[in-house]
Amino acid sequence: MEKNVLNEKINALRKEKNAVILAHYYQVAEIQEIADFVGDSLDLSRKSAETDADVIVFAGVHFMAETAKILSPQKKVLLPDLRAGCSLAESCPVDEFRAFREQHPDHIVVSYVNTTADVKALTDITCTSTNALKIINSIPESQPIIFAPDRNLGNYLNGLTGRNMLLWDGACHVHEEFSLEKIMNILEEHPDAKLIAHPECTRPVQIAADFIGSTSALLRFVTTDESKKFIVATESGILHQMRKKNPDKTFIPAPPIDSTCGCNDCRFMKMHTLQKVYESLRDDKFEIRLDDEIIRKAVMPIQKMLELSN
Ligand code: CIZ
């Protein structure tokens with residue numbers, strides 16, 4: 001079906017079903033354009049908690065749709081492609097995490113929102129890359145912390161805070177795969193460019209970066225910084241908003257090690273298409289269902305995060 005026709009059908013169904021479409025910054029441009037709201041996982045959690053829609057179509061990955069369900073259990077939450085998982089969430093299986101936690105009973109658990117609902121149910125406070133520093137700084141220095149699941153973000157936060165949080169050994173496939181060598185080659189060709197990176201990137205990329213931040217922070221940085229050219233080391237979907245807000249600036253996606261296309265896409269985020277968003281609304285698929293007990297436990301760390309980040 002053509003894009004215009006799909007957009008019309010989506011708009012009609014959205015109205016008829018009192019639905020809202022939430023899209024993560026890493027989605028394809030057509031989905032970002034039709035969404036009611038585009039943001040990072042913190043913004044999207046806030047929107048999920050606030051919306052008075054009956055249906056939430058979540059164009060993001062599975063853990064994000066689960067977070068929406070946990071915050072709005074009475075609503076129908078739909079994920080257009082159920083295979084849209086997250087390599088980082090999968091790097092923290094609940095049984096192994098429970099055992100790890102039990103080995104350190106004096107530690108409290110801060111987990112990045114990129115975890116399954118089951119892992120959130122074992123967590124004291126969640127955080128996102130946008131509010132992680134604030135959340136960690138709200139915890140007394142004498143309190144030992146387990147930080148899960150991203151080791152790169154955890155190391156970055158340990159460096160910023162001077163803490164020695166115990167880190168779960170997980171990582172995001174997109175952010176781990178940037179090639180410092182290829183980035184350096186681009187910097188040589190474009191000496192006027194600034195390298196900006198997500199804290200889930202590996203340490204060598206972080207060290208080379210002029211600025212490190214979450215997607216929202218990167219977006220703010222490129223909009224306010226006087227430079228006209230940026231090499232962007234995070235998932236390439238964010239370039240859509242960067243270009244939209246800054247049509248006079250140049251954005252070059254940082255390349256991964258194994259690729260000829262030069263940009264780094266999250267294969268899970270990119271499983272959603274406009275056609276699937278339409279089918280999701282039309283057929284109510286694929287509905288996220290969670291056990292009541294998991295919702296009861298998992299909502300507490302998310303609410304603590306939302307209170308602390310307000
Ligand atoms: O928290 C998010 O939304 C992700 C996955 C990245 C970011 O920095 O916003």
For this session: At 1.4 Å probe size, with no ligands or nucleic acids counted, give the accessible surface of Y26 in Å², nearest ten.
Result: 30 Å²
Seminar exercise, completed: With R₀ set to 35 angstrom, the calculated FRET efficiency between the beta-carbons of R282 and K249, to the nearest 0.05, is 0.35
Exercise. Can you give the extra length, in nm with one decimal, that the chain gains between K17 and K182 once fully stretched, where that is 0.36 nm per residue apart less the Cα-Cα distance?
Worked result: 54.7 nm
Seminar exercise, completed: Reported to the nearest 10 Å², M1 has, with a 1.4 Å probe, an accessible area equal to 120 Å²
For this session: Pop out the carbon and sulfur fraction of the accessible area of the stretch 59-197 as a percent, whole number, probe 1.4 Å.
Result: 48 percent
Seminar exercise, completed: To the nearest Å², the heavy-atom accessible area per residue of the chain with 1.4 Å probe amounts to 43 Å²
For this session: Would you kindly derive the ³J(HN,Hα) couplings of the stretch 134-140 from the backbone phi angles with the Karplus curve 6.51 cos²θ - 1.76 cosθ + 1.60 (θ = phi - 60°), listing them in order in whole Hz, with x for Gly and Pro?
Result: 4, 5, 5, 5, 7, 9, x
Problem set entry | In Å², nearest 10: area of T224 left accessible to a 1.4 Å probe | 110 Å²
Exercise. Efficiency by 1/(1 + (r/R0)^6): what FRET value for E50 and R98, r their Cβ-Cβ distance, R0 = 22 Å, to the nearest 0.05?
Worked result: 0.10
Exercise. What nm distance separates the two modelled labels at A29 and N4, each placed 7 Å from Cα along Cα→Cβ?
Worked result: 1.8 nm
Problem set entry | Given K17/K244; K69/K270; K249/K270; K17/K285, the pairs whose alpha carbons are separated by over 23 Å | K17/K244; K249/K270
For this session: Apply the Karplus parameterisation 6.51 cos²θ - 1.76 cosθ + 1.60, with θ equal to phi minus 60°, to every residue of the stretch 246-258 and state each ³J(HN,Hα) to the nearest whole Hz, in sequence, with x for glycine and proline.
Result: 9, x, 8, 10, 10, 10, 10, x, 6, x, x, 4, 9
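The values are calculated or read from the model by the stated rules, or taken from the named source; none is laboratory data. Note that this is a predicted model, so its numbers are computed, not measured. Reconstructed Cβ throughout: ideal geometry from the backbone, glycine too, with neighbour counts over all protein chains shown. Side chains are part of the model used for accessible areas, which takes the heavy atoms of the whole protein and leaves out ligands, DNA and RNA. Shrake-Rupley method; radii C 1.70, N 1.55, O 1.52, S 1.80 Å.
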